[in-house]
Amino acid sequence: DAAAFAAAGAVADPDTIWALGPGAPEALRAAAEDDPADTVLTSVEALASLREAPLPAALVHLAVAASLLLVLLAGLGVVLGAALDTPARATALGRLRSLGLAGRELRRVLAGELVAPVLASVLTGLVVGLVTAWATFGSLGLDEVTGQSETPQLVVPLRTWLAVGALPVVALLLAVRQSRRLQRANLAQLLRTGDSR
């Protein structure tokens, strides 16, 4: 508060004018042309300079790298989980093939077995993340940190939606690959010994 600051005996000449509203940047630039020492900085330029500062830029790069690493680890988990059950799945599907299961139905069964758990996990993680972000909008909200008059809208980044779509695609590709391999397998040997590959 300027009055309290002056009452304490301090002297602070005003050197900053905040202007809001339509046409404010143009009006201030026109007024600043009279004195070369005056500068006009719009809110867009101020926010851009804050985003390009070394620490925020490094934190954004770190968040992107961590997100990519987590998606890679999740994809590896999908591949390892599918590989773990491959022999038992191959034997069961070999029996279904001996009962007349066609190649198209084989792909559907494999897609259901591999994609459904991945979709359930991805949707559960997404819901937990959204609920956690919503729950922290109280005392840890951005309006408390930035001093905004109202709570900002919750925005899910695009990379989150890409990760949500990437993992089921990985599971679907694994299902297609396994169905091709099972269709080439010798059915009699598959029924006797299971999948030896």
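The values are calculated or read from the model by the stated rules, or taken from the named source; none is laboratory data. Keep in mind that what you see is a predicted model, and the values were worked out from it rather than measured. Note that each Cβ is placed from the backbone with ideal geometry, even for glycine, and that neighbours are counted across all protein chains shown. Remember, those area values only see protein heavy atoms, side chains included, never the ligands or the DNA or RNA. Shrake-Rupley method; radii C 1.70, N 1.55, O 1.52, S 1.80 Å.
Which parts of the range 1-41 would a label at Glu150 reach, counting a residue when its backbone N lies under 17 Å from a point 7 Å out along Cα-to-Cβ?
Once the point is set 7 Å along Cα→Cβ of Glu150, 21-22 turn out to lie under 17 Å by backbone N, inside the range 1-41.
What list of ³J(HN,Hα) values in whole Hz, one per residue of the range 33-44 in order, does the Karplus curve 6.51 cos²θ - 1.76 cosθ + 1.60 (θ = phi - 60°) give from phi, with Gly and Pro shown as x?
5, 6, 10, x, 7, 7, 10, 10, 10, 7, 5, 5
What full-extension length gain, to one decimal in nm, is calculated for Leu99 and Ala135 as 0.36 nm per residue of separation minus the Cα-Cα distance?
Contour length minus the Cα-Cα distance gives 7.7 nm.
Might you tell me the accessible area per residue for the range 34-87, computed with a 1.4 Å probe and given in Å²?
For the range 34-87, the per-residue accessible area is 76 Å².
I'd like the FRET efficiency for Glu33 and Ala12, computed as 1/(1 + (r/R0)^6) with the beta carbon distance as r and R0 of 30 Å, rounded to 0.05.
After rounding to 0.05, the efficiency reads 0.70.
Could you derive backbone 3J(HN,Hα) for the range 54-70 from the dihedral phi with the Karplus parameters 6.51, -1.76 and 1.60 (θ = phi - 60°), listing whole Hz in sequence and x where the residue is Gly or Pro?
With the stated coefficients, the range 54-70 comes to x, 5, x, 5, 5, 5, 5, 5, 5, 5, 5, 5, 5, 5, 5, 5, 5 Hz.
Given the protein chains as shown and a 1.4 Å probe, how many square angstrom of Thr86 are accessible, to the nearest 10?
For Thr86, solvent-accessible area is about 10 Å².
In terms of solvent-accessible area of protein heavy atoms at a 1.4 angstrom probe, what is the ranking of Val128, Val11, Val64, Val122, highest value first?
Accessible-area ranking of Val128, Val11, Val64, Val122, largest first: Val11, Val128, Val64, Val122.
For the range 3-114, which whole-number percentage of the solvent-accessible area (1.4 Å probe, protein heavy atoms only) is attributable to carbon and sulfur atoms?
After summing per-atom areas, the C and S share lands at 68 percent.
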